[in-house]
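The values are calculated or read from the model by the stated rules, or taken from the named source; none is laboratory data. The structure presented is a predicted model; accordingly, all values stated were derived computationally and were not measured. Neighbour counts are summed over all protein chains in view; Cβ atoms, including those assigned to glycine, are modelled from backbone coordinates with ideal geometry. These area figures cover heavy atoms from the full protein model, side chains too; ligands, DNA and RNA do not enter into them. Shrake-Rupley method; radii C 1.70, N 1.55, O 1.52, S 1.80 Å.
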Amino acid sequence: GEMVESELGMIPKGWEVKKFGELVKIHTKSIKPFENPEETFEHYSIPAFDLQGFPEFDKGAAIRSNKYQVLEESILISKLNPRIKRIWLPLNITKMCVCSTEFINYIPRNKKLRNFCYSVIDSCGFNDFLVQNATGSTNSRQRVKPRDMLDYLISLPYEESLLLSFDKIIAPFYALVNKNKIEIEFIKRLRDTLLPKLMSGEIRVPLDQE
C-alpha cells in the first residue's frame with residue numbers, strides 16, 4: 001500500500017507513468033463503401049450516436065464519403081467538440097463495420113486489454129485532456145488532433161498480469177451493456193413494425209373468450 005511521488009501525483013510504489021500511446025495505436029485504414037453499393041455496412045456515425053447510440057445499417061450506395069475500417073478490437077471516441085462526450089465500444093454485429101472520420105479509432109496494442117483501454121478513454125481524466133487540447137474558436141468547430149491524445153499520461157503497474165486481471169473482471173459488464181443495446185434496438189424495431197399495423201387494424205390481437 002505504499003505510495004510514491006510522480007508527475008501525476010501519488011501513485012502506488014512499483015508503478016510507472018507511461019503515455020497512453022504505449023497501450024494503443026490509431027487505426028486509419030480507409031474504406032469506400034460506395035464502391036460496394038449493394039453491400040450493407042454497420043455504420044458508426046456522429047448522428048447515429050446522438051440520435052440513438054446505435055449504428056445504422058446502410059447500403060454502400062447511401063454512404064458517399066470515405067470511412068475508417070472498424071475492427072473487432074476498435075474503440076471509438078469523437079474528435080469533434082469533445083465537450084460532448086461520444087465514446088463507443090463497437091458492437092461488431094456484422095463483418096462490414098465502418099465509422100465516420102470524425103472518430104478517433106483506437107486499437108489496443110494488446111487485444112486482451114481492450115476493456116481496460118476503453119475504461120481509460122471513458123474516464124473523466126481522459127475527457128478533460130481532450131477538452132484541454134481541443135483547437136478551434138467555437139464549441140461547434142472544436143476538434144482534437146488524434147495523435148496528441150497518445151500523449152495522455154497514465155500510471156500503470158509493472159506487472160501486465162494486473163491489467164489482464166482487471167480486464168477479465170470488467171469484460172462481462174461491457175459485454176452485457178452491448179447485449180442489452182442490441183436487444184433494446186430489436187424491441188424498438190419490432191414495436192415500430194407492429195404498432196402501425198395494430199392501429200390500422202391490419203393485424204389484431206385475439207382476446208380470450210370465456
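Overview of values
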quantity	calculated
Residues whose placed amide H lies under 5 Å from that of ARG86, excluding near-sequence neighbours	SER78
Karplus (6.51, -1.76, 1.60) ³J(HN,Hα), θ = phi - 60°, over the stretch 108-118, in Hz, Gly and Pro reported as x	x, 5, 10, 4, 6, 10, 4, 5, 5, 4, 4
Other-chain or far-sequence residues with amide H under 5 Å of LYS25's (modelled H)	ILE107, ARG109
From the C-alpha gyration tensor of the stretch 62-145, square roots of 5λ in Å	22, 18, 9
Nonlocal amide H pairs with LYS59, under 5 Å, H built at 1.01 Å	PHE41
Acute angle (nearest 10 degrees) that the helix 160-200 long axis makes with the longest principal axis of the chain, alpha-carbon atoms	20 degrees
Cβ crowding within 10 Å averaged over residues, with 63-76, 161-174, 19-32 ranked highest first	63-76, 19-32, 161-174
Furthest towards positive pole of dipole, LEU153, GLY60, THR193, structure part the chain, Cβ charges	GLY60
Vicinal HN-Hα couplings computed from phi for the stretch 14-30 (Karplus, 6.51 cos²θ - 1.76 cosθ + 1.60; Hz; Gly/Pro x)	x, 8, 9, 9, 10, 7, 4, x, 7, 9, 9, 10, 9, 9, 10, 4, 8
Helix-only [θ]222 nm of the chain, DSSP H runs n ≥ 4, -39500 (n - 2.57) each, per residue, nearest 500	-10500 deg cm²/dmol
The stretch 79-143, accessible area per residue, ligands and nucleic acids excluded (1.4 Å, Å²)	47 Å²
ASN127 paired with ARG143, simple spin-label distance in nm, labels 7 Å along Cα-to-beta-carbon	2.3 nm
Fluctuation leader among MET96, MET149, MET199 - the chain, Gaussian network, Cα springs under 10 angstrom	MET199
Accessible surface of the stretch 1-159 [probe 1.4 Å, protein heavy atoms]: carbon and sulfur percent	48 percent
Count of Lys pairs (Cα-Cα under 18 Å; at least 8 positions apart or interchain) in the stretch 66-182	10
Residue among TYR152, TYR106, TYR118 with the largest mean-square fluctuation in a Gaussian network model of the chain, springs linking Cα atoms under 10 Å	TYR152
Residue-by-residue Karplus 3J(HN,Hα) for the stretch 56-66, coefficients 6.51, -1.76, 1.60, Hz, glycine and proline x	8, 10, 10, 5, x, 4, 8, 9, 7, 10, 5
Among VAL17, VAL120, VAL98: highest mean-square fluctuation, GNM of the chain, C-alpha pairs under 10 Å	VAL17
